[in-house]
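First the structure, in the form of structure tokens, and then the observations on it.
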Amino acid sequence: MFFLGFPFKAWGDVGSFLAGLPLLFAKKGTLSSISIGTPQALHIDAINNQGFSGGPLFFYPHTNPNELRIAGVVSKFRIEYETVLDEDGMPTKMSVP
């Protein structure tokens, strides 16, 4: 699975190649699970940053690798907190997103 967006409001500049439009960032991930209830959801294992929400989620089917298919729209990212380690590598009571 692949998705496109502007992480942290960043973009690429390719001059006139895209008629002056900004170049999106592309990321990839693995389809980990699906939910066919309400709402329907695809769970993609990937590193997503702010700025990809609203971007397309797409793939190339193995039966026709030249055909691009849209699977959905990126809707959110989840912040995970990590424990801050001290100079000896021991966990502290602090955490960072």
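See the values below:
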{"read-out": "Convex hull volume per residue for the range 35-97, taking Cα atoms only, in Å³", "value": "164 Å³"}
{"read-out": "Cα centroid separation - the range 48-79 against the range 5-35, whole Å", "value": "11 Å"}
{"read-out": "Distance-filtered residues of the range 13-55 - backbone nitrogen under 14 Å, label point 7 angstrom along residue 62 Cα→Cβ", "value": "31"}
{"read-out": "Extension gain from residue 53 to residue 79, taking 0.36 nm per residue of separation minus the Cα-Cα distance", "value": "8.0 nm"}
{"read-out": "Length-normalised contact order for the range 46-91 - Cα pairs under 8 Å, 6+ apart - percent", "value": "33 percent"}
{"read-out": "Whichever lysines have a C-alpha closer than 24 Å to that of residue 9, once near sequence neighbours (fewer than 8 apart) are set aside", "value": "27, 28, 76"}
{"read-out": "Amide H partners (placed H, <5 Å) of residue 5, local residues excluded", "value": "25"}
{"read-out": "Nonlocal amide H pairs with residue 72, under 5 Å, H built at 1.01 Å", "value": "57"}
{"read-out": "Cα-centre dipole for the range 2-96 with unit charges at Cβ (Lys and Arg positive, Asp and Glu negative), debye to 20", "value": "460 debye"}
{"read-out": "The chain, relative contact order [Cα under 8 Å, separation at least 6], %", "value": "23 percent"}
{"read-out": "Vicinal HN-Hα couplings computed from phi for the range 15-28 (Karplus, 6.51 cos²θ - 1.76 cosθ + 1.60; Hz; Gly/Pro x)", "value": "x, 7, 4, 10, 6, x, 6, x, 8, 6, 8, 10, 10, 10"}
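Rule-based calculations on the coordinates, nothing more; no lab input. What you see is a predicted model; the values in this text were computed from it and never measured. Positions of Cβ are generated from backbone atoms using ideal geometry, with glycine treated the same way; all protein chains shown enter the neighbour counts.
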